[in-house]
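Each remark here refers to the structure printed beneath this line.
Derivation of every value follows stated rules applied to the coordinates shown; laboratory data play no part. Everything numeric in this text was worked out from a predicted model, so none of it was measured. Note that each Cβ is placed from the backbone with ideal geometry, even for glycine, and that neighbours are counted across all protein chains shown.
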Amino acid sequence: MFTANYDLKKHNTFGVSVKARWFAAFGSTETLKNLLSEAKSIPLPLFILGGGSNILLTKNLDAVVLKNEIKGITVEPTDDPNSFLVTAGAGEIWHSFVQFCVENGLHGIENLSLIPGSVGAAPMQNIGAYGVEIKDTFYSLKALNISSLSEEVFSADDCKFGYRESVFKRALKGKYIITSVTFLLKKQAELSLHYGSIKDELANLGIENPSLKEVSQAIINIRNSKLPNPAELGNSGSFFKNPVVSAQKRNQLLAEYPNLVSYQVNESEYKLAAGWLIEQSGLKGYTAGNCGVHKKQALVLVNYGGATGNEILQLSNLVQNTVKEKFGVELEKEVNII
Ligand code: EPU
């Protein structure tokens with residue numbers, strides 16, 4: 001069942017080549033349970049891989065790597081004729097799932113079109129884009145408890161969602177394997193168009209009253225114009241989170257940099273656009289060996305081919321240090337460094 005010394009290059013969107021000591025894929029919860037029982041005799045830690053779109057692998061993994069390939073999508077009616085419970089296997093490709101929903105007229109996750117990764121990874125960091133996060137339509141998920149091998153159901157509250165955060169990145173890290181995720185989606189709903197660039201793109205396309213499909217297409221166009229396709233250029237989306245600073249710090253920066261991009265989070269805090277900070281630090285398009293800061297979106301680090309995880313990690317440290325020196329702002333990595 002397990003393959004030894006398996007190259008993970010095609011299983012991480014940075015396209016970094018590192019070896020897993022042991023590797024196996026699972027397509028059902030039953031197979032997963034069997035693999036976990038077998039793995040008990042191997043004295044190495046477990047590492048669960050989804051779409052590999054939010055990790056930077058910096059070394060060979062002396063671990064038992066299990067790749068989630070649980071597929072399947074089901075749609076169930078609810079008491080409300082407008083609402084449906086849509087469940088996807090954790091190993092479904094996120095964008096294929098979004099396309100399924102859009103094709104079937106199910107509203108709620110269209111703004112999350114084209115985000116790389118798997119369905120099971122989506123709740124781990126509450127993926128978000130263009131004014132929508134999965135917590136907005138999330139209903140529940142099932143996850144296998146690694147020590148008891150029993151499947152448990154988590155509600156949205158149980159998941160403790162935050163900005164690119166959930167309990168699975170914190171208190172329950174490494175304790176559960178997500179097997180399926182259920183969303184509450186609507187046949188008729190208002191489209192979420194308040195994000196500036198969506199309006200601009202729809203205007204570009206000459207569309208006034210967009211359909212669900214047209215919104216999804218607009219998002220795809222925006223992402224394609226700024227974000228590199230991991231199949232062509234290794235990357236992991238935003239490498240850093242947008243930092244949250246005090247209103248005082250934001251006002252102080254604004255006085256010095258009138259073009260500062262910031263959004264109010266609450267009465268006393270603002271979120272700053274990390275991409276703007278990096279660009280203003282002179283690093284947009286900067287290259288270091290085989291990797292660099294993306295030319296069109298400074299929040300994204302890219303592998304031009306053959307970069308090691310450590311090269312990319314060093315580049316990310318340079319970005320953090322440069323931004324800290326210029327603006328006095330700490331950038332936090334969004335990508336998991338392994
Ligand atoms: N900006 C720059 N220079 C850059 C990049 C951005 O000045 O190189 C400015 C833009 O002009 C804009 C602002 O920063 O005024 C925000 O840029 P953008 O709309 O591209 O979004 P972002 O804040 O950089 C976040 C998410 C993305 C998501 C977009 C759209 C995070 C860490 N990133 O990026 O998520 O697609 O908003 O909603 O919150 C991801 O998490 O992997 C990801 C791609």
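Some observations on this one:
- Listed residues Asn111, Ala143, Ser197: farthest to the positive end of the dipole of the chain (Cβ charges): Ala143
- Globularity index of the stretch 258-338, i.e. its alpha-carbon radius of gyration over 2.2 N^0.38 Å: 1.15
- The chain: proportion of alpha-carbon pairs further apart than 33 angstrom, %: 30 percent
- Sequence ranges 293-306, 118-131, ranked by mean other-Cβ count within 10 angstrom, highest first: 118-131, 293-306
- Think of it as helices only: each DSSP H run of n ≥ 4 in the chain is worth -39500 (n - 2.57), and spread over all residues that comes to -7500 deg cm²/dmol at 222 nm.
- The alpha-carbon positions of the stretch 73-151 define a convex hull whose volume is 104 Å³ per residue.
- For the stretch 1-139, convex hull volume per residue from C-alpha positions, Å³: 119 Å³
- Counting neighbouring Cβ atoms within 10 Å and putting the fewest first, the residues Trp22, Trp94 line up as Trp22, Trp94.
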